Amino acid sequence: MEVRIDEKGKFFTPRITKDAVTAFVRTPDKVIIGSVYVRPGNRLTDELNGDPSAFLPITDARVYRADDESFLLQTSFLLAAYREILLIGEFDALATIRDVPWNTQAAEPTPLIRDGEDMGVHVNERGKYFTLRTPKDAVLCAVRGSDLAVLGYLYIRSDRRLKDELNDEQARYLPMTDARVFRVSDNKLLYHASFLLIGRQAIDMVAPIDSVTRASDVPWLPVRSAEGSA
């Protein structure tokens, strides 16, 4: 392996080339829009679940408050604690269901990573990489965590139960498709994404919709309510 030692005696090795993916990141009190980095051939799920680090590096990041979605800051680089990330997914997977500030063209469109800066990343202009994956069964579920409720499809391998998938210590994030994210306090639909990753450590409860027999009248539990009927 090629190793370089600088004048202070520090060791350096070549960085692994990665592809930049514009991501939507939701923590309990912030929304972050920025670039995360994925090894060629990996999905975002693989990258996050295989990363032993405590913090996720994000570049060209814009940060907003989660409660009123007001702008907080813009930075060329930040580190987000994995333990605080409730939801994360590719920005392009978000549907436009309402006006949000991060969809507005930034006043300064020039990338914050300047030409010539060595960030150890490579943006692939040919598209995304895809590889064959293990077949899984889709299960429509309601997922609760913090003040959020998510309705969408979780995936279970044929030789596993939902319990097994949730108890997998190697799975830091669980993939969900056709995910609708609601704020529980007022049942407002905040986001709708074709694909989203949910932080396992942030989950309070998971309920397969087919198992729910009674529920209050909330949009993230699409079953016929029996409460309050005469």
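Computed from the coordinates by the stated procedures, all read-outs in this text should not be read as laboratory data. On a predicted model such as this, the values are computed, not experimentally measured, just so you know. All Cβ positions, glycine included, derive from the backbone under ideal geometry; neighbour counts span all protein chains shown.
A few remarks follow.
- Overall, region 157-230 carries a charge dipole of about 80 debye about its Cα centre when +1 sits on the Cβ of Lys and Arg and -1 on the Cβ of Asp and Glu, all other atoms neutral.
- Remark on region 136-211: ratio of C-alpha radius of gyration to 2.2 N^0.38 Å is 1.04.
- Across all Cα atoms of region 4-103, the radius of gyration (one decimal) and Dmax (whole number) stand at 15.6, 54 Å.
- Each Lys and Arg Cβ is given +1 and each Asp and Glu Cβ -1; about its Cα centre, region 4-103 then shows a dipole of about 380 debye.
- Sorting 200-213, 137-150, 55-68 by average packing, meaning the other beta carbons within 10 Å per residue, from highest down gives 137-150, 55-68, 200-213.
- In this calculation the C-beta distance from Asp147 to Ala171 is compared with R0 = 35 Å, giving a FRET efficiency of 0.90.
- Here the extension length gained between Ala95 and Thr22 equals 24.8 nm, from 0.36 nm per residue of separation less the Cα-Cα distance.
- Simple spin-label estimate for Arg83 and Arg39 gives 2.6 nm between the two label positions (7 Å along the Cα-to-Cβ direction from each Cα).
- Each of Tyr37, Gly89, Pro101 was scored by the projection of its Cα onto the charge dipole of region 4-103, and the greatest displacement toward the positive side belongs to Tyr37; charges sit on the C-beta of Lys, Arg, Asp and Glu.
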